[in-house]
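The values are calculated or read from the model by the stated rules, or taken from the named source; none is laboratory data. Remember, predicted model here, so these are calculated numbers, not experimental data. All Cβ positions, even for glycine, are placed from backbone atoms using ideal geometry, and neighbour counts span all protein chains on display.
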Amino acid sequence: MGGAEMVLPKEYGYVALVLVLYCFLNLWMASQVGKARKKYKVPYPTLYASESENKDAKLFNCVQRGHQNSLEMMPMFFMLMMLGGLKHPLICGGLGLVYTVTRFFYFKGYATGDPQKRLTIGKYGFLALFGLMVFTISFGATLLL
């Protein structure tokens, strides 16, 4: 067989599956923002509600911000997963799964309206991201040596 499996380790499939799982999580978060728009009466294209115009602005903004922050972190997460996973697919797949699960809790905590609740479990996602950085550095160093 002459395909990607000759270049990529077989276990790289875990990296691919975790990335798709994160895409599903992102779609779910987007749907939660859509529901919050209806519930708190924040029409498109308004990105954030104004507290002077909407008594539920903070509640909506926390839902929106939880999703927005996840979108902001997504390119870094994807890049670290794809590159680090080339040398360390199992470890990066595991760290990516931890990151994805903690992002769910980060969003759920934020969506309560109390931004501090995003860190209860969500803070561990930053450790997973740091781990992905370490293994991506390992991959880069291997190419240079």
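Apart from one condition, THR112 fits all of (1) in a helix (DSSP H, G or I); (2) surrounded by fewer than 21 Cβ atoms within 10 Å (Cβ to Cβ); (3) hydroxyl-bearing (Ser, Thr, Tyr); the exception is (1).
Does the stretch 125-143 include one or more residues that are of a type outside the set (Ser, Thr, Tyr), part of a helix (DSSP H, G or I), farther than 30 Å from TYR44 by Cβ and at pLDDT below 95? The answer is yes; a qualifying residue exists.
Looking at the structure I just gave you, is LEU80 in contact (Cβ under 8 Å) with a residue 60 or more places away in the chain and either surrounded by 16 or more Cβ atoms within 10 Å (Cβ to Cβ) or in contact with a helix residue (DSSP H, G or I) (Cβ under 9 Å, 6 or more places away or on another chain) (or both)? It would help to see each step written out before you state the result.
On the way: in contact (Cβ under 8 Å) with a residue 60 or more places away in the chain: no; either surrounded by 16 or more Cβ atoms within 10 Å (Cβ to Cβ) or in contact with a helix residue (DSSP H, G or I) (Cβ under 9 Å, 6 or more places away or on another chain) (or both): yes.
So LEU80 does not fit the description; no.
With respect to GLU51, determine if the residue is surrounded by 11 or more Cβ atoms within 10 Å (Cβ to Cβ), farther than 25 Å from LEU132 by Cα and out of contact with any Phe, Trp or Tyr (no Cβ under 9 Å at 6 or more places or on another chain). Considered against the rule, which asks whether it is surrounded by 11 or more Cβ atoms within 10 Å (Cβ to Cβ), farther than 25 Å from LEU132 by Cα and out of contact with any Phe, Trp or Tyr (no Cβ under 9 Å at 6 or more places or on another chain), GLU51 comes out as yes.
Could you tell me whether GLU72 is acidic (Asp, Glu), surrounded by fewer than 14 Cβ atoms within 10 Å (Cβ to Cβ) and either touching an Asp or Glu at 6+ places or on another chain (Cβ under 8 Å) or at pLDDT 95 or above (or both)? When the stated conditions are applied, GLU72 passes them. Please determine, by comparing only the residues of the stretch 39-68 that are assigned to a helix (DSSP H, G or I) and among the polar types (S, T, N, Q), which one is nearest to the chain's Cα centre (by Cα). Step by step, filter the stretch 39-68, then rank; the result is GLN68.
Of all residues in the stretch 126-138, those that are farther than 14 Å from MET73 by Cα have Cβ atoms under 8 Å from Cβ atoms of residues that are among the charged types (D, E, K, R), 6 or more apart or on another chain, in PHE135/LYS87; SER138/LYS87.
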